[in-house]
Amino acid sequence: MIYKDKIFNENELQGESFSDCKFVHCQFPDTDLKFTLFASCEFVECDLSSVNCKGTSFSKCKFPESKLSGLNFSLAMLVDCDFNAAIMENCLFEKINKKLNLSSCKFEKVNLKGSQFNFCDLSLVDFRDSNLEDVTFEKCLLRKTNFSGAGLARNRFTDCNIEKSILDLQGFISFGNSNGFIMEG
C-alpha cells in the first residue's frame, strides 16, 4: 500500500498494523501511535516529529529524508531500522532497566543534534557523516562504532564502554576537546 501526501490522525493508526507500506510526504501531527506496528515500511520525506511512539514497534523500517525530531524512543521497539539521512534532533534513546539494542540500526548522515543515547548498545552502528553536535552518550556500549566524518562538537561520553570505535582526525580532536583535553603544539 502506498500513502502519498496524507495527513494522518491517531484514529487511523492507533493499534493498527502496517506491513510493506510506503508513506511519501505524509504528516502525523500530534499523533499517538500507541500499540501501532510498522514492519518493512518506508517513510519518505515524512514528518513524524510530534508523534507519541510509546508502545510503537518499528521493524525493518526506513526513514529517508524524514523528520523525527523530539521523539522519545524509550518505550518504542526499534529493530533493523534505517534512519540514514533523517532529521532526528533532540531525540531520546534509552531503555529502562536494560540496554536498548540499536546495533542493527543505521544512522549514517543523520542530524542527531541535541539527542541523548542512554544505556544503549550501539555496537557496529555507523554514524558516518552524521551531525552529533551536543549529543550525550551515557552508559553506552560503543564497540566498533563508526564516527568517521561525524560532527562531534560539544558531545559527552559518560561511563561508556568504547572499544575499537572509529574516529577520523577531526573527530578525534572534537572528542578530546569535548572531554576536557586541549591540543598543544
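The values are calculated or read from the model by the stated rules, or taken from the named source; none is laboratory data. Remember, predicted model here, so these are calculated numbers, not experimental data. Neighbour counts are summed over all protein chains in view; Cβ atoms, including those assigned to glycine, are modelled from backbone coordinates with ideal geometry. Protein only, heavy atoms only, side chains kept; ligands, DNA and RNA dropped before computing areas. Shrake-Rupley method; radii C 1.70, N 1.55, O 1.52, S 1.80 Å.
Observations on the model:
- Candidates C105, C61, filtered to the one that is free of Cβ contacts under 8 Å to residues at least 40 places away in the same chain, out of contact with any His (no Cβ under 7 Å at 6 or more places or on another chain), open to solvent by less than 40 Å² (accessible area, probe 1.4 Å) and more than 27 Å from N161 (Cβ to Cβ): C61
- Residue in the stretch 9-22 that is surrounded by the fewest Cβ atoms within 10 Å (Cβ to Cβ), counting only those that are closer than 23 Å to N84 by Cβ and in contact with a Phe, Trp or Tyr (Cβ under 9 Å, 6 or more places away or on another chain): S19
- The residue that is surrounded by the fewest Cβ atoms within 10 Å (Cβ to Cβ), counting only those in the stretch 23-50 that are under 19 Å from L92 (Cα atoms) and among the charged types (D, E, K, R), is D30.
- The residues of the stretch 127-160 that are within 17 Å of S103 (Cα to Cα), under 14 Å from the mean Cα position of the chain (by Cα) and open to solvent by 30 Å² or more (accessible area, probe 1.4 Å) amount to a single one, R128.
- Under the condition of being closer than 11 Å to F127 by Cα and among the aromatic types (F, W, Y), the residues counted in the stretch 140-159 number 1.
- Once the stretch 87-101 is narrowed to residues that are at pLDDT 95 or above and not in a strand (DSSP E or B), the residue that is most open to solvent (accessible area, probe 1.4 Å) is N90.
- Being of a type in the set (A, V, I, L, M) and farther than 19 Å from Q27 by Cα is a condition met by no residue of the stretch 81-88.
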